[in-house]
1. Restricting the search to the stretch 100-111, which residues are assigned to a loop (DSSP other than H, G, I, E, B) and closer than 24 Å to Q134 by Cβ?
2. Look at the stretch 52-87 and say how many of its residues are in a strand (DSSP E or B) and free of Cβ contacts under 8 Å to residues at least 60 places away in the same chain.
3. Would the stretch 290-303 turn up any residue that is open to solvent by less than 30 Å² (accessible area, probe 1.4 Å), modelled with pLDDT of 95 or more and part of a helix (DSSP H, G or I)?
4. Here's a check for you: in the stretch 309-327, which residue that is part of a helix (DSSP H, G or I) and in contact with a helix residue (DSSP H, G or I) (Cβ under 6 Å, 6 or more places away or on another chain) is surrounded by the most Cβ atoms within 10 Å (Cβ to Cβ)?
5. Determine the pairs where a residue that is over 15 Å from N45 (Cβ atoms), located within the stretch 146-159, has a partner that is of a type outside the set (A, V, I, L, M, F, W, C) and assigned to a loop (DSSP other than H, G, I, E, B) with Cβ atoms under 6 Å apart, the partner being 6 or more residues away or on another chain.
6. Before we move on, is D230 of a type in the set (D, E), assigned to a helix (DSSP H, G or I) and either at pLDDT 95 or above or under 18 Å from T147 (Cα atoms) (or both)?
7. Of all residues being surrounded by fewer than 21 Cβ atoms within 10 Å (Cβ to Cβ) and in contact (Cβ under 8 Å) with a residue 24 or more places away in the chain in the stretch 238-252, which is farthest from the chain's Cα centre (by Cα)? Just the residue, please.
8. Looking only at the stretch 158-170, count how many residues are surrounded by fewer than 16 Cβ atoms within 10 Å (Cβ to Cβ) and not in a helix (DSSP H, G or I).
Amino acid sequence: MTMMKAWTITGPGPHSLEELQLQDIPEPLPAADEIKVRVRAVGLNPADYKVIESGSWDDPHVVGLDVAGEVVAIGSNVSDWSVGKRVMYHGDLRRNGSLAEFTVTTHLSAAPIPDSVSFEQAAASLCGTLTAYQAFYRKANLSELPTVLIHAGGGAVGLAALQFARDLHLPTITTVSARKRPLVERVGAGTIIDYHQTNVTQAVMKATAGRGVGLSINTIGGESLAADVDRMAYNGQIIAIGDGMPAHLDLNAKALSIARSALGGAYRSENPTEIADLGLMAGVVGQKLAAGEFDPVIDRVLPFNQAATGLKLLKHDENLGKLVVRV
């Protein structure tokens, strides 16, 4: 049995990040419809520490979602990948994850990494980026859209959403803290609202001459979804990415619509078309990276033995941009 290094958590939850361990576990083997990947870089996400804190596992569970690496083995039913190909993919929360020397995944959700794109760039452009891409290109009605409100513009989803809105020539309004203002300026944000200092609803209505926005990309969820109603134009749409749906959400007065955007549900659906769409979206992002049309906004690249440190930085909002672990 060949062993590998991996960051794991074991036992009944809840857990703390202090319980995360770097240990030796057996290398995984690909099933018939899977590929085995030599992990080269991992993008860290809030979902990673949330899984650690809330999950329970009888066996050591490898954490991490986003992968950039090289195919080292393929299952007997796989014909679309070959050994040596560079791939990127957003993983399934229910499976062993990416913070390991090797991992396996379904062949459907992987996308090729263009030659000019580094493993670190690819790994930094998955979970948050694909969530923003899904919000714009799978969920939103983009016809006659005047202005987009992007909440938490300094986060991974927000920074990607600002860039996709720019590609679509859509004016943007974004909320951000003063500390992260340089990040949204870097990717071309339009109207910038410091939500610590300014009433967001008043600022949005002022920026839109009292009409409101046609689309809100809401990564906060909960009561902020209800608050968005007063910021919307008639026939506007809210894309809900953050958790929680308030019971008193009033969509009727302005004929508003709301849609939920989430990546992980594609795997839970067991629908091969939806799972393959994760790979399709990642492929588009890879091409944007290669063309210099997308900036993953990397804060820093950490060595493998500092992955737990990176997750702590992320949890405490001490990063300015994406944190990537080089494996």
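The values are calculated or read from the model by the stated rules, or taken from the named source; none is laboratory data. On a predicted model such as this, the values are computed, not experimentally measured, just so you know. Backbone-built Cβ (ideal geometry, glycine too); neighbour counts: all protein chains shown. Only protein heavy atoms, including side chains, enter the accessible area calculation; ligands, DNA and RNA are left aside. Shrake-Rupley method; radii C 1.70, N 1.55, O 1.52, S 1.80 Å.
1. Hit for the stretch 100-111 is A110, nothing else.
2. Residues meeting the conditions: 15.
3. Checked against the condition, which is being open to solvent by less than 30 Å² (accessible area, probe 1.4 Å), modelled with pLDDT of 95 or more and part of a helix (DSSP H, G or I), the stretch 290-303 yields no hits at all.
4. Checking each candidate, the answer is L311.
5. Here the result reads T147/P171; T147/T208; H151/T219, each pair linking the stretch 146-159 to a residue that is of a type outside the set (A, V, I, L, M, F, W, C) and assigned to a loop (DSSP other than H, G, I, E, B).
6. In short, yes.
7. That would be D250.
8. Within the stretch 158-170, residues that are surrounded by fewer than 16 Cβ atoms within 10 Å (Cβ to Cβ) and not in a helix (DSSP H, G or I) number 2.
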